[in-house]
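Q: First, the structure itself, so that you have it in front of you.
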Amino acid sequence: MQTYAGVKPVDASRLFVASCLALLVTSLTFALRAKIEGVFHESFGLTREEIGWAFGPAFWGFAVATFLGGAIIDQVKTRNVLRIAFVCHLIGLVVLLFAKDKTLLFAANVFIGFANGSVEAACNPLVTTLYPHDKTKMLNRFHVWFPGGIVIGGVLSWLLISQLNLPWQALTAVLFLPLALYGWLFFGETIPETERVTSGVSYRDMFRHVGAPCTIIALVGFMIFATSLPIAIDFNAVSTWIVLGLVVAAIVVESLVVNKTSLLFPFMVFCMFLTASTELGTNQFTGALLEKTGIDPIIVLVAVTGVMALGRYFAGPLVHGLSAVGVLLASALISAVGLYLYSIANSPGSTLFAAIVFAVGVCYFWPTMLGFVSERTPQTGALGLSIMGGAGMVATSFVLPIMGHSIDTAGPQQTLRFMTVLPVILIAAFVLLAWYLRGRRAGNAH
């Protein structure tokens, strides 16, 4: 038991377990989508581009919930954000049970996405509050249950659907069990104030230390609007690059001139766009990307997420040995190699090897990005963590229809080569980040 600011003692272990179960439900929805992607394509006649559009709300709904939750969590309290997560999970899963077309699939993913985002908005700052001296380590352990849940979902999918020949709705129904458990563990338990509140950082300072909150939120809002429409952004158009240039300029001006803070947090948001798209975009289309390699995509998904779960559980010594930036740079290098090996794999053995390499690469991305932000820019508080999680999810919703269109037109191998560009950019970004931090340490030493 721990006591915060003289309030009733807090059962940190119970709250951590409840948080893990809530994230388990979140990850099981990802595993479920990876399985039903083929069902809606083959049985209900949806194109992969339509499926990418219908899956989009699972990501931009997540982004909306995390942004909103991070901004208001200290006003409405963490326990109420968790209640919203529970109710939206319940509604989303019920709607999904009856989905047979892209409209209902879209609607179900709106609720599920909002629920998943609410879990992320509440539980990330909760974990950092419960374990202030082991943030990156415990965030990695908390996020074990994202790949861990996909492993569980993959095994359940194989058992219920492939072996027992039950309909996909049976897999959906299983999710109600961990949903009920996390609701029971959270409700009625004392939940502490966030670290930002207990450390005395004002609400205004939290926004200021984000650097460019207005520009970032406007950018993500535009991306959400764009991904909710069944059309794709033309990246070959000159106007697109002009707009992106103006956005970068606005971020620089708002950070350095208006808020007089560094560009570190906006830079990490940019990196989160790429790390999340590399990990989640690839995993959501595992079936379509690997259908011609002669291996069951569920085996690959379980292998990838199993390696990710183990890597995250034992992340503590690695983070302490290499530093967070060293881990991120190594992850970018290995994930680039993994994606390239995916693109040339033509047998079950080579595909499984590529999957393991890819998993080692991406397993530390998400929690280490959050841990780095929480440790290096703690004044950004729950809002900073929520913006990072939301940015990652909305970037994935943005890239999914593009990936779907590429798979439909250029094929899986070319799509994987296209995705390899993302970790290559990250390699350069993390080298730049390491150089910046080294320079800042040298300046502080003088």
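Q: Got at least one residue in the range 116-134 being farther than 17 Å from CYS363 by Cα, of a type in the set (Phe, Trp, Tyr) and in contact with a Gly (Cβ under 8 Å, 6 or more places away or on another chain)?
A: no
Q: Right, next: Tell me, which residue of the range 391-437 that is small (Gly, Ala, Ser) and either in contact with a His (Cβ under 7 Å, 6 or more places away or on another chain) or within 20 Å of TYR364 (Cβ to Cβ) (or both) is most open to solvent (accessible area, probe 1.4 Å)?
A: Looking at residues that are small (Gly, Ala, Ser) and either in contact with a His (Cβ under 7 Å, 6 or more places away or on another chain) or within 20 Å of TYR364 (Cβ to Cβ) (or both), I get ALA428.
Q: Would you mind finding the one in PHE98, PHE111, PHE67, PHE44 that is open to solvent by less than 60 Å² (accessible area, probe 1.4 Å) and among the aromatic types (Phe, Trp, Tyr)?
A: PHE67
Q: On to the next question. Select from the range 326-374 the residues that are farther than 19 Å from GLY281 by Cβ and in contact with a Phe, Trp or Tyr (Cβ under 6 Å, 6 or more places away or on another chain) and list them in ascending order.
A: The answer is VAL327, LEU329.
Q: Only one of these conditions is not met by VAL373: (1) farther than 15 Å from ILE150 by Cβ; (2) open to solvent by less than 40 Å² (accessible area, probe 1.4 Å); (3) modelled with pLDDT of 80 or more; (4) over 16 Å from the mean Cα position of the chain (by Cα). Which number is it?
A: (4)
Q: Next question, about the same structure. Mind listing just one residue for me: the one in the range 47-64 that is out of contact with any Gly (no Cβ under 6 Å at 6 or more places or on another chain) and open to solvent by 40 Å² or more (accessible area, probe 1.4 Å) and, of those, nearest to ILE216 (Cα to Cα)?
A: Ranking the qualifying residues of the range 47-64, first place goes to VAL64.
Q: Pairs only if they're at least six apart or on different chains, beta carbon under 7 angstrom, first in the range 205-218 and at positive phi, second among the small types (Gly, Ala, Ser) and open to solvent by less than 40 Å² (accessible area, probe 1.4 Å); list them, first residue then second.
A: GLY211/SER255
Q: Taking the range 308-341, which residues are more than 15 Å from ILE425 (Cβ to Cβ), under 17 Å from the mean Cα position of the chain (by Cα) and hydrophobic (A, V, I, L, M, F, W, C)?
A: MET308, ALA309
Q: From the list SER406, SER386, exactly one residue is of a type in the set (Ser, Thr, Tyr) and closer than 25 Å to ILE73 by Cβ. Which is it?
A: From the options SER406, SER386, the qualifying one is SER386.
Q: Assess whether THR286 counts as being at pLDDT below 90, open to solvent by less than 50 Å² (accessible area, probe 1.4 Å) and among the β-branched types (Val, Ile, Thr).
A: yes
The values are calculated or read from the model by the stated rules, or taken from the named source; none is laboratory data. If you're wondering where the values come from, they're calculated on a predicted model, not measured in any experiment. Using ideal geometry, Cβ is built from the backbone for each residue, glycine included, and neighbour counts are taken over all protein chains shown. With ligands, DNA and RNA removed, areas are computed over all heavy atoms of the protein, side chains included. Shrake-Rupley method; radii C 1.70, N 1.55, O 1.52, S 1.80 Å.
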